[in-house]
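The values are calculated or read from the model by the stated rules, or taken from the named source; none is laboratory data. Everything numeric in this text was worked out from a predicted model, so none of it was measured. Ideal geometry is used to build each Cβ from the backbone, glycine not excepted, and the neighbour counts take in all protein chains shown. Ligands, DNA and RNA are excluded from the accessible area calculation, which covers all protein heavy atoms including side chains. Shrake-Rupley method; radii C 1.70, N 1.55, O 1.52, S 1.80 Å.
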Amino acid sequence: MKNSSTKIITSGNICCSRFLSEDGAVTVFPGQAVDPSTQIAYRKIWRKHFLMNITEMLEISSDENIRDYLTIKEGEFISVGEVIAKRSGKKTQVVTAKISSRFLGISSGSLIFETDPDDVENVIAGFPGVVTDIVPSRGAYLETIGSYLQGIWGNGKKGQGILLSMDMEKGGIFGLDNITVDIAGAIVFANTCLDPEVLKSSAKMSPGGLIFGSLSSSILPIAMKMPFPVIVTDLIGVGRLSDPVHMVLGENIIRFAYLYSSSNGTQNTQRPEIIIPQEEYVPESESLLKKLKTGDQIRIIDGFHGGELGIVVELLPGMENDSEALSEMDRVKVCIDQNTEIVLPLSNIEMINVK
Amino acid sequence: MSQPQNLAKTVIYVDLGTVNTRICLFDHQDHSYVFVGAASAATSNTDLNSSVYSGVVDAVRKLERATKRKFLDQNSNFMMPMKPDNSGIDQIGFSYTCNLDPRIAIMGLTQTGSLQNLRNLLARTGIKPVVEICAADGLAISENIDRLLDADPRIVILAGGTEVGAEKAVYRLGEILMFACKSLSREQRPEILFMGSALAEQQIERVFSKITDLSFAPNILEIGSNDQSSLHSLITMINKNAQKQVPGLKDLCDRARTDGIPGEFAFGRSIRLMSRLNKENQHILGIDIGSDHTLIAKAKNLDLSLHKLPLGIGSQIPALLKSFELSELQSWIGFQIKESEVQDYICNKSVYPDLVPANQYSAQIEQALTRFVLKESAKETGLNTLLRDGSLGMVLLSGSVVRNVEDPGDSLLIGMDGLHPFGAIDYFLDMNGLASAVGALAQLNPILVSHIMNASTFLNLGKVITPSFNQKTGKTQDGKKLLNIAIRDEAGNVRKFDVPRGRIFRIPLDYGKNYELDFLQVPKEISIPGVRIWTPLGFKSGCFGVVFDTRGNSLDLPKDRTSQIAKLKFWKEELGPWVVQPS
């Protein structure tokens, strides 16, 4: 059920939760500084699985152990063109990957691969802050200092921009005359919007987001379709911004604001949020993973070895067929134990920072 | 009557709903359990840091104030057992509906063998499997892995094989599950309940115990889906899953020293038990309208059919609105209101499901919505035959939207309009929210259940007799005599009535008294399904006595708003005030 109180912080410490609706993988650690796009947690599945009859491809008899011919291990990510199996001898046969995938295992002489990874749920930070606490398998609490408002309805989008106000002396109604180049990239707040066509037209100017004190329920379906975030702070119906909300927004004009609402619309129990950090947000110059070096301890985020710790033994460059990635390392060889070394994409591991 | 030494003198039942937590108190007085009172508070599972237990504490504190007794100690723990100063309690039972769908996938070797048994088992708890994987369906292992992962199950029940073989086929089936688990991160892996061949248990344990949580239950193919141990294993699994999802549920189990049961199952069990009290071969239909879902339980001679539908008067209203036009809803509201205002109320209600209708206008909107919940539920669960063929004998209406009404007549009208069943049907209202209590306490304290089932647990609204006839082809005009009947009371006094057509014709009678009804004259063009009009119909009077609903086969409202409002007002006036229940 809904929380019976609405949180409004004019200025002070802001603590926001970023949780999955059910158990998944958490990708941040306490103390980590996050930017708005930092992934906090996710639930992922591999949508497509396919079989490869390696016995036929290698032209070997069915009673032979196909593991002897494999050049890959279970859980490994395979790129296009990478050798999967090889038969040496008089009649050399090489089997290569036709598509990028992950090797899952062997069933009845066939190899099972999986492709099309898809985030069933993906929780991002939505504002710059610091991770203060982790809830295992669910997400994290993030903190910053500034102003904070909870809305009652959001369209499930996230966005950011400079906070601007409509002319409240003219009723604060978001109308056609407000759709100017000024709102491009900005977060605009107004008492209400009465005309669905105005809301539709506003998309042409690509605002960073819109905040309304009220919106009629007949306009909500259009608001849902907008590519930018729309948050209602006070009422579904006809009304205006309540005084505390107006005061907080008014005091933060021309500050950078972040709008966050979870993507389940009215079914969602988490209220949409407006976060206005005190300090100007400066994106991090480099990601933490770029600091990775041989010998570092990491944790494997998911997959067959999900949750296990390992030591980085080698940083590997990008795939040969990916010209953009050539100069960048994007994979890493990890030693899990004496007998197990696996190659993983950088995004599938996290550094273990012990301070 | 001798009293067993370990008989619980005070029992509390906790109903953890999606929006409200409700506490009911029962005392053992004069050799019998009686319902003492109830209190409710908001369910407190707002985020992962909260606990449903704090909502339970709030509700119990309210009950303490109302009864001037103490049930909790200073640390908010239940005081158990009861003390000589009348403080504390002896027993707690609870059910919950505040959890998410457990998303159960079933896997078996054959459609008609293990899978059918698993389907039957799940049906006892009102759960439909999210996916069925059958070894005999001829799909490739990769396709079955895709299907299983797409369904994103929280629980997988694996069955198959007899006690004399087929374990290899079970291993092949298990292989699909093993690869699906390997594909997922550890946190996302489903819990597994193995109900297959005991011969395969060792191997299954060897493979799956390292991968995910695994439990075993007896082979469902051997013992069948009606066996209590299979049901117990399933409920235990669902409880375990709910405890992971609902913050504080585990805490409540520990403090209450009992495991709860899913609310759907509790409600279904209540209706099943009530079918025993009903006339033989007649159905009882229980409808529990909640914020997030509606439960439809239909039972006859202890044979239960249970459905959980995603329809409700809270966060699920927008889903309900997809199945009908707003103007249709508006036509059932008895005052002038714009469609946009109705829509605004509905949207606010979906954002604040705990919103209580604070005036008659909001109450009427919710009651109109409830009629559509009933219509949609009947459609989705295929109840139309039951509502037409006269095999329905009793309807129990449950849920806060029908309970928290100013006049129980509103609830009766909701049932009559929303379901519109033909025949002679007794309507009951769950005034105290005890429908699930009966099912939840049935195992813990069967004596209590037998006592409260004997007492007037539910408010008898009355018998409603609805003849079936086509308004367009009938010879009789609206308002003219359709039936001629006689009612005889216990003293033998007979009163005759002409029942007019196109009306709600109520005959007020003394509450709880026995009467006999004779049909003196019934025209050929009408039928009263399930009623033998040539013999007297005995019944116990409810608070609306006996009601004849002669509005015809379809309840069509006039087209213009003024006439619609007048019609609704007329029907309400015809039903009249309810007779206060005698002590």
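Here are the numbers for this structure:
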quantity	calculated
Contour minus Cα-Cα distance for residue A:100 and residue A:335 (0.36 nm per residue)	82.4 nm
Packing-based order for A:231-242, A:161-172, B:83-94, using average beta carbon neighbours within 10 Å, highest first	A:231-242, B:83-94, A:161-172
Projected label distance in nm at residue B:384 and residue A:145, using a 7 Å step from Cα toward the beta-carbon	6.6 nm
Largest to smallest principal axis extent of the C-alpha atoms in the protein assembly as shown, angstrom	105, 84, 68
Residue-normalised accessible area of chain A, expressed per residue, 1.4 Å probe, Å²	45 Å²
Efficiency of FRET from Cβ geometry, residue B:450 and residue A:64, R₀ 41 Å, rounded to 0.05	0.05
Per residue accessible area of segment B:246-322, 1.4 Å probe, in Å²	36 Å²
Accessible-area ranking of B:269, B:551, largest first, probe 1.4 Å	B:269, B:551
Under the Karplus curve 6.51 cos²θ - 1.76 cosθ + 1.60, θ = phi - 60°, whole-Hz ³J(HN,Hα) for segment A:193-205, x wherever Gly or Pro sits	9, 9, 10, x, 5, 5, 4, 4, 5, 4, 4, 4, 8
Label-zone membership for segment A:331-347, site residue A:313, 7 angstrom Cα→C-beta point, backbone N under 15 Å	A:332-344
Partners for residue B:481 among aspartates and glutamates (Cα-Cα distance below 19 Å; same-chain residues under 8 apart left out)	B:498, B:518, B:525, B:549, B:574
Percentage relative contact order, chain B, counting C-alpha pairs under 8 Å, at least six apart	11 percent
Nonlocal amide H pairs with residue A:85, under 5 Å, H built at 1.01 Å	A:71, A:95
Solvent-accessible surface ranking, highest first, for B:221, B:441 at 1.4 angstrom	B:221, B:441
Cleavage-rule hits, trypsin sites (Lys or Arg not before Pro), segment B:466-516, DSSP coil, Cβ neighbours within 10 Å at most 16	B:472, B:475, B:480, B:513
Of every Cα-Cα pair in segment A:84-168, the percent that sits beyond 22 Å	61 percent
At least 30 Å² accessible surface lost relative to isolated chain, residues of segment B:168-209 (1.4 Å probe)	B:172, B:179, B:182, B:183, B:185, B:187, B:188
Per-selection Rg to Rh, segment B:1-132 - Cα, Kirkwood hydrodynamic radius	1.13
Other-chain or far-sequence residues with amide H under 5 Å of residue A:32's (modelled H)	A:131
Chain B: translational diffusion in µm²/s, Stokes-Einstein, Kirkwood Rh over Cα pairs, 25 °C, 0.890 mPa s	95 µm²/s
Centroid-to-centroid separation of segment A:189-219 and segment B:123-191 [C-alpha atoms, Å]	47 Å
Chain pair B, A: total accessible area buried, heavy atoms, 1.4 Å probe, Å²	3800 Å²
Residue B:534-residue B:128 FRET efficiency (beta carbon distance; Förster radius 51 Å; 0.05 resolution)	0.75
Long-range amide H partners of residue B:92 with built H, under 5 Å	B:12
Selected from A:21, A:37, A:108 as most flexible by GNM, with chain A as the system and alpha-carbon contacts under 10 Å	A:108
Residues in segment B:341-380 that, when all protein chains are in place, have 30 Å² or more less accessible area than the chain alone would give (probe 1.4 Å)	B:343, B:344, B:347, B:348, B:351, B:352, B:354
Within the accessible area of chain B (1.4 Å probe), percent carbon and sulfur	48 percent
Greater than 29 Å apart at Cα, pairs in B:70/B:250; B:475/B:513; B:168/B:308; B:83/B:250; B:83/B:540; A:157/B:375	B:475/B:513; B:168/B:308; B:83/B:540; A:157/B:375
Portion, in percent, of the accessible area of segment A:44-119 that falls on carbon or sulfur, probe 1.4 Å	47 percent
Convex hull projection area averaged over all views, segment A:80-237, Cα basis, nm²	16.2 nm²
Potential extension, residue A:352-residue A:180 segment - 0.36 nm per residue separation minus Cα distance	57.1 nm
Charge context of residue B:480, other residues only, Cβ under 15 angstrom, K/R +1, D/E -1	+2
Within a Gaussian network of chain A (alpha carbon springs, distance under 10 Å), most fluctuating of A:41, A:257, A:223	A:223
Shielding by other protein chains, B:148-158, mean Cβ within 10 Å	2
Probe 1.4 Å, protein heavy atoms only - accessible area per residue of segment B:395-513 in square angstrom	36 Å²
Percent antiparallel among DSSP beta bridges (both partners in the protein assembly as shown, rounded to 5)	75 percent
Residue-averaged beta-carbon neighbours from other chains (10 angstrom radius) around B:93-106	0
Euclidean distance between Cα centres, segment B:396-463 to segment B:502-521, Å	21 Å
Protein-protein interface of segment A:218-238, residues with accessible area decrease of at least 30 Å², isolated chain reference, 1.4 Å probe	A:236
Segment A:119-146 versus segment B:237-277: alpha-carbon centroid distance in Å	32 Å
Residue B:222-residue B:136 FRET efficiency (beta carbon distance; Förster radius 25 Å; 0.05 resolution)	0.85
Environment charge at residue A:216 (Cβ cut-off 12 Å; Lys +1, Arg +1, Asp -1, Glu -1)	-3
